[in-house]
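A.B. asks: Quick one: the structure is below, and I'll ask about it shortly.
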Amino acid sequence: MELYKLTIHELKEKLKKQEISAKELTLDFFKRIERVDKDVHSFITITKNDALKQAEEAEKRIINGDNLPLLGIPLAIKDLICIKGVRNTCGSKMLSNYIPPYDATVIKKLRESGAVFLGKLNMDEFAMGSSTETSHFGVTRNPWDLKTIPGGSSGGSAAAVAADECAGSLGSDTGGSIRQPAAMCGVVGLKPTYGRVSRFGLVAFASSLDQIGPITKDVTDTAILMNIISGRDPLDSTSADIPVPDFTRSLRNDVKGLKIGIPKEYFVEGMDVEVEKSVKDAIELFKRFGAEIKDVSLPHADYAISTYYVIAPAEASSNLARYDGVKYGYRTNNRENLLGMYKKTRQDGFGTEVKRRIMLGTYALSSGYYDAYYLKAQKVRTLIKKDFDEALKICDILLTPTAPTPAFKIGEKFDNPIQMYLSDIFTISINLAGVPAISIPCGFSNKGLPIGLQIIGKHFDEETLIRAAYTFEQNTDYHTKNPEI
Amino acid sequence: MKLSIKEVEHVAELARLELSDEEKNKFVHQLSNILTHIEKLNQLDTSNIEPTSHVLPLKNIFRDDVTQISFQESNSLENAPDKDKGYYKVPKIIEEA
């Protein structure tokens with residue numbers, strides 16, 4: 001039996017009944033990784049010894065009758081969420097030798113739930129990118145077509161889940177980095193409300209936008225992981241002190257009476273016809289099951305990319321100032337003087353996209369330009385947020401495509417930053433507004449590449465997202481399809 | 001917005017990046033294009049709009065001022081590229097008289 005194909009909840013049942021052993025399961029995943037990762041290249045670091053120890057421990061506890069939610073479940077983690085003692089590269093030469101002396105809060109919680117960590121997953125350098133091509137450790141390939149990108153920046157996470165190299169994963173999302181790769185790899189990805197999940201131990205990109213979230217094979221697994229990782233953390237002052245519901249209670253096949261808004265700005269002339277058709281079919285399905293469909297408007301949607309590409313690089317330029325070759329990470333051999341050492345270290349340690357964004361952010365924050373760029377963008381952010389507040393006053397959720405196209409070819413947009421930035425056009429405004437959104441599989445292109453449906457909800461109402469996503473999943477079979485790899 | 005090479009060099013200096021000539025030339029062009037795209041924001045009148053720096057209505061978050069366990073010196077230094085006697089070591093910054 002191919003255990004690696006199963007979901008977290010299916011594996012959990014088999015482990016609990018002791019039909020399978022936790023150690024065999026972990027070994028099964030390593031066999032799978034060995035077979036497919038030379039093609040897919042999801043992993044930067046594989047932690048086989050640690051994982052086997054964790055699996056053996058889980059096995060003992062299962063035999064003792066312990067019933068933790070993830071006991072013996074093999075997960076893999078985006079390489080910017082710190083696991084104590086395991087190299088954390090952020091996809092960058094700058095951190096290629098960095099070993100965190102602590103666990104991120106989400107890792108601590110997963111560990112306490114009995115999870116097994118198989119390794120760390122590839123990503124765009126410092127999460128800056130939409131294709132996983134900017135990684136210092138080479139590209140990840142989309143399991144559905146090895147010539148195409150897996151999306152990004154959590155491309156390793158989405159590809160690993162799609163290629164059955166782990167049972168589930170965590171990614172991070174600053175402008176679409178969980179949802180867009182989930183869409184392109186045909187898996188489920190949730191960006192929680194800003195403040196729902198602690199960011200402690202997540203290497204910072206843009207602190208007012210970053211959130212950690214699950215990437216899984218189905219919606220049930222998303223609910224299971226959300227139950228574990230959510231909640232207030234004293235180590236992250238921006239994590240919200242709001243009660244965490246049991247998200248598995250929202251796994252209900254019922255959207256009767258649900259008010260669903262369709263933002264007209266997301267369906268425009270010239271959009272990809274296959275994406276449009278799949279999403280419109282999805283809307284029809286919700287209608288058939290009793291949801292009430294309304295046309296809504298997000299009038300400032302067109303300004304989201306411009307707003308984001310001021311705010312995110314500005315915050316990034318500030319956050320990445322810490323990489324100076326002094327306390328940790330890469331340091332140049334050129335050590336004539338301190339300033340020269342800083343500049344050479346940063347020149348050698350960062351890749352082109354990261355430098356481009358540091359330059360952009362530094363410019364936007366520099367004397368004489370702050371008001372024109374940064375302050376202006378923060379004001380437009382208010383308008384974008386208000387659009388969502390208004391639309392979600394009259395609707396429970398909004399439906400849009402996750403990405404404007406299915407996965408594109410490796411190299412196609414690599415040296416064209418604006419084209420690359422536009423591939424996040426449907427996801428970026430959600431981070432600016434801070435609301436939660438989930439991407440679920442809703443179809444395939446003629447070439448057999450997955451298409452994602454984005455469901456957007458109210459602040460701290462992931463429950464309705466999960467209910468709507470689960471209903472869609474129960475009445476379609478896209479999530480059961482696997483790439484031939 | 002068209003940037004000059006001089007402006008790119010100035011920003012690189014602020015960002016502590018020693019860019020190559022090739023990168024400078026590339027960035028002059030690419031950053032100018034991105035900034036032109038961003039100027040779209042000027043179409044909007046925002047004179048009466050408050051800026052949003054953060055989406056949650058959070059004020060200062062305080063905790064009681066009690067001692068907690070923190071990293072040992074050895075933990076904090078274990079990733080240092082260069083260290084000496086419990087300190088981070090950097091190139092000399094004070095010139096001899």
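A.B. asks: Would you check if there is a residue in the range A:449-466 being assigned by TED's automatic domain parsing to the domain that holds residue A:165 and over 20 Å from the mean Cα position of the chain (by Cα)?
C.D. replies: Our first condition is that a residue be assigned by TED's automatic domain parsing to the domain that holds residue A:165; within the range A:449-466, this holds for A:449-466.
In the following step, the residues that additionally are over 20 Å from the mean Cα position of the chain (by Cα) were identified as none.
The answer is no, given that none of the residues of the range A:449-466 is assigned by TED's automatic domain parsing to the domain that holds residue A:165 and over 20 Å from the mean Cα position of the chain (by Cα).
A.B. asks: When residues of the range A:362-384 are filtered for being touching a Ser or Thr at 6+ places or on another chain (Cβ under 6 Å) and facing chain B (nearest Cβ under 8 Å), how many remain? Before you say what the answer is, go through the steps one by one.
C.D. replies: Step one: of the range A:362-384, the residues touching a Ser or Thr at 6+ places or on another chain (Cβ under 6 Å) are A:362, A:377-382, A:384.
Narrowing further to those that are facing chain B (nearest Cβ under 8 Å): A:362, A:377-382.
Selection size over the range A:362-384: 7.
A.B. asks: At pLDDT 95 or above, among the β-branched types (Val, Ile, Thr) and part of a strand (DSSP E or B) - does that describe any residue in the range A:239-252?
C.D. replies: no
A.B. asks: Take the residues of the range A:427-448 that are in contact with a helix residue (DSSP H, G or I) (Cβ under 6 Å, 6 or more places away or on another chain) and part of a loop (DSSP other than H, G, I, E, B): which is nearest to residue A:223 (Cα to Cα)?
C.D. replies: Step one: filter the range A:427-448 for residues in contact with a helix residue (DSSP H, G or I) (Cβ under 6 Å, 6 or more places away or on another chain), giving A:427-429, A:432-433, A:435-443, A:445.
Filter again for part of a loop (DSSP other than H, G, I, E, B), leaving A:427, A:435-436, A:445.
On the way: A:427: 21, A:435: 17, A:436: 14, A:445: 28 Å.
Checked the range A:427-448; the qualifying residue nearest to residue A:223 (Cα to Cα) is A:436.
A.B. asks: Could you please tell me which pairs satisfy a Cβ distance under 6 Å, a separation of 6+ or placement on different chains, a first residue in the range A:402-416 that is farther than 13 Å from residue A:151 by Cβ and surrounded by 17 or more Cβ atoms within 10 Å (Cβ to Cβ), and a second residue that is at pLDDT 95 or above and not aliphatic (A, V, I, L, M)?
C.D. replies: Listed by first residue and then by second, the contacts come to A:414/A:133.
A.B. asks: Hey, could you check the range A:449-485 for residues that are among the aliphatic types (A, V, I, L, M) and in a loop (DSSP other than H, G, I, E, B) and say which is nearest to residue A:145 (Cα to Cα)? I'd like the intermediate steps shown before the answer.
C.D. replies: So the first thing to find is which residues in the range A:449-485 are among the aliphatic types (A, V, I, L, M), and the list is A:449, A:451, A:453, A:455-456, A:465-466, A:468-469, A:485.
Pick out the ones that are also in a loop (DSSP other than H, G, I, E, B) and you get A:449, A:485.
Numbers: A:449: 8, A:485: 9 Å.
For the range A:449-485, the residue satisfying everything is A:449.
A.B. asks: Starting from residues that are surrounded by fewer than 20 Cβ atoms within 10 Å (Cβ to Cβ) and modelled with pLDDT of 95 or more, keep the ones in the range A:333-350 and report whichever is farthest from the other protein chains (Cβ to nearest Cβ). Even if it seems obvious, please write down each step before you answer.
C.D. replies: Within the range A:333-350, the first condition is being surrounded by fewer than 20 Cβ atoms within 10 Å (Cβ to Cβ), and the residues that meet it are A:333-340, A:347-348.
Those still in the list that are modelled with pLDDT of 95 or more too: A:347-348.
On the way: A:347: 4, A:348: 9 Å.
Step by step, filter the range A:333-350, then rank; the result is A:348.
A.B. asks: For residues that are within 10 Å of another protein chain (Cβ to nearest Cβ) and of a type in the set (A, V, I, L, M, F, W, C), scanning just the range A:419-433, find the one that is farthest from residue A:409 (Cα to Cα). Lay out the reasoning, then the answer.
C.D. replies: Step one: list which residues in the range A:419-433 are within 10 Å of another protein chain (Cβ to nearest Cβ), which gives A:421-422, A:431-433.
Retained after the next criterion (residues that are of a type in the set (A, V, I, L, M, F, W, C)): A:422, A:432-433.
On the way: A:422: 15, A:432: 28, A:433: 31 Å.
Checking each candidate, the answer is A:433.
A.B. asks: What is the one condition in (1) of a type outside the set (A, V, I, L, M, F, W, C); (2) touching a Leu at 6+ places or on another chain (Cβ under 9 Å); (3) buried (at least 18 other Cβ atoms within 10 Å of the Cβ) that residue A:54 does not satisfy?
C.D. replies: If we test residue A:54 against (1) of a type outside the set (A, V, I, L, M, F, W, C); (2) touching a Leu at 6+ places or on another chain (Cβ under 9 Å); (3) buried (at least 18 other Cβ atoms within 10 Å of the Cβ), just (2) comes out false.
A.B. asks: Would you confirm whether any residue within the range A:215-225 is among the acidic types (Asp, Glu) and assigned to a helix (DSSP H, G or I)? Can you show your working first?
C.D. replies: Taking the range A:215-225 first, the residues among the acidic types (Asp, Glu) are A:218, A:221.
Still in the list and also assigned to a helix (DSSP H, G or I): A:221.
Yes, the conditions are met somewhere in the range A:215-225.
A.B. asks: Can you confirm whether residue A:120 is buried (at least 24 other Cβ atoms within 10 Å of the Cβ), among the basic types (Lys, Arg), at pLDDT 95 or above and within 11 Å of the chain's Cα centre (by Cα)?
C.D. replies: no
A.B. asks: Oh, and also: So how many residues does the range A:99-116 have that are surrounded by fewer than 20 Cβ atoms within 10 Å (Cβ to Cβ) and either under 22 Å from residue A:324 (Cα atoms) or of a type in the set (A, V, I, L, M, F, W, C) (or both)?
C.D. replies: Matching residues across the range A:99-116 total 3.
A.B. asks: What number of residues in the range A:7-22 are outside any helix (DSSP H, G or I) and crowded, with 16+ Cβ neighbours inside 10 Å?
C.D. replies: Narrowing the range A:7-22 to residues outside any helix (DSSP H, G or I): A:7, A:17-21.
Next, only the ones that are crowded, with 16+ Cβ neighbours inside 10 Å stay: A:7, A:20-21.
So the answer is 3.
A.B. asks: Now, a different point. Among (1) more than 8 Å from chain B (Cβ to nearest Cβ); (2) crowded, with 18+ Cβ neighbours inside 10 Å, where does residue A:299 come up short?
C.D. replies: Looking at each condition in turn, residue A:299 falls short on (2).
A.B. asks: Here is a further query. On the basis of being of a type in the set (Val, Ile, Thr) and within 30 Å of residue A:354 (Cβ to Cβ), does residue A:224 make the cut?
C.D. replies: Details: of a type in the set (Val, Ile, Thr): yes; within 30 Å of residue A:354 (Cβ to Cβ): no.
So residue A:224 does not fit the description; no.
A.B. asks: Output the number of residues of the range A:153-165 satisfying the condition of being part of a loop (DSSP other than H, G, I, E, B) and either of a type in the set (A, V, I, L, M) or at negative phi (or both). Give the steps one after another, and end with the answer.
C.D. replies: Of the range A:153-165, the ones part of a loop (DSSP other than H, G, I, E, B) are A:153-154, A:163-165.
Remaining after also requiring either of a type in the set (A, V, I, L, M) or at negative phi (or both): A:153-154, A:163, A:165.
Qualifying residue count for the region: 4.
A.B. asks: When you go through A:242, A:262 one by one, which is the residue that is more than 14 Å from chain B (Cβ to nearest Cβ), out of contact with any Pro (no Cβ under 7 Å at 6 or more places or on another chain) and closer than 30 Å to residue A:473 by Cβ? Explain how you work it out, then say what you get.
C.D. replies: Working: A:242 fails: more than 14 Å from chain B (Cβ to nearest Cβ).
Unique residue meeting the criteria: A:262.
A.B. asks: State whether one or more residues within the range A:194-203 are in the same structural domain as residue A:11 (by TED's automatic domain parsing), of a type in the set (Val, Ile, Thr) and in a loop (DSSP other than H, G, I, E, B). If you could, list the steps in order and put the result at the bottom.
C.D. replies: Here is the first cut: in the range A:194-203, the residues in the same structural domain as residue A:11 (by TED's automatic domain parsing) are A:194-203.
Those still in the list that are of a type in the set (Val, Ile, Thr) too: A:197, A:203.
Filter once more, keeping what is in a loop (DSSP other than H, G, I, E, B): A:203.
Checked against the condition, which is being in the same structural domain as residue A:11 (by TED's automatic domain parsing), of a type in the set (Val, Ile, Thr) and in a loop (DSSP other than H, G, I, E, B), the range A:194-203 yields at least one hit.
A.B. asks: Is at least one residue of the range A:355-363 closer than 23 Å to residue A:126 by Cα, buried (at least 24 other Cβ atoms within 10 Å of the Cβ), at pLDDT 95 or above and of a type in the set (Ser, Thr, Tyr)?
C.D. replies: Taking the range A:355-363 first, the residues closer than 23 Å to residue A:126 by Cα are A:355-363.
When the remaining residues are screened for being buried (at least 24 other Cβ atoms within 10 Å of the Cβ), the result is A:357-363.
From what is left, the residues that are at pLDDT 95 or above are A:357-363.
Next, from what is left, pick out any that are of a type in the set (Ser, Thr, Tyr): A:362-363.
Yes; the residues of the range A:355-363 include at least one that is closer than 23 Å to residue A:126 by Cα, buried (at least 24 other Cβ atoms within 10 Å of the Cβ), at pLDDT 95 or above and of a type in the set (Ser, Thr, Tyr).
A.B. asks: Let me ask another. Within the set of pairs 6 or more residues apart or between chains, which connect a residue that is basic (Lys, Arg) inside the range A:250-261 to a residue that is surrounded by 20 or more Cβ atoms within 10 Å (Cβ to Cβ) with Cβ atoms less than 6 Å apart?
C.D. replies: As it stands, the answer is A:252/A:467; A:259/A:395; A:259/A:396, since those pairs meet every condition given.
A.B. asks: Additional query: Would you be able to say whether some residue in the range A:268-287 is outside any helix (DSSP H, G or I), of a type in the set (A, V, I, L, M, F, W, C), surrounded by fewer than 23 Cβ atoms within 10 Å (Cβ to Cβ) and outside the structural domain of residue A:78 (by TED's automatic domain parsing)? Working first, answer last.
C.D. replies: Going through the range A:268-287, the residues outside any helix (DSSP H, G or I) turn out to be A:268-272.
Narrowing the set further to residues that are of a type in the set (A, V, I, L, M, F, W, C) leaves A:268, A:271.
Then drop every residue that is not surrounded by fewer than 23 Cβ atoms within 10 Å (Cβ to Cβ), which leaves A:268, A:271.
Checking which are outside the structural domain of residue A:78 (by TED's automatic domain parsing) leaves us with A:268, A:271.
Within the range A:268-287 (the criterion being outside any helix (DSSP H, G or I), of a type in the set (A, V, I, L, M, F, W, C), surrounded by fewer than 23 Cβ atoms within 10 Å (Cβ to Cβ) and outside the structural domain of residue A:78 (by TED's automatic domain parsing)), the answer is yes, since at least one residue qualifies.
A.B. asks: Mind checking which helices (runs of 4 or more DSSP H) fall wholly inside chain B and carry at least 1 residues that are without any contact (Cβ under 8 Å) to a residue 24 or more places away in the chain, within 9 Å of another protein chain (Cβ to nearest Cβ) and more than 26 Å from residue A:341 (Cα to Cα)?
C.D. replies: Values: elements: B:5-14, B:21-38, B:73-77.
Per the criteria, B:21-38.
The values are calculated or read from the model by the stated rules, or taken from the named source; none is laboratory data. Note that the coordinates shown come from a computational prediction; the quantities given were computed from them, not determined experimentally. Backbone-built Cβ (ideal geometry, glycine too); neighbour counts: all protein chains shown.
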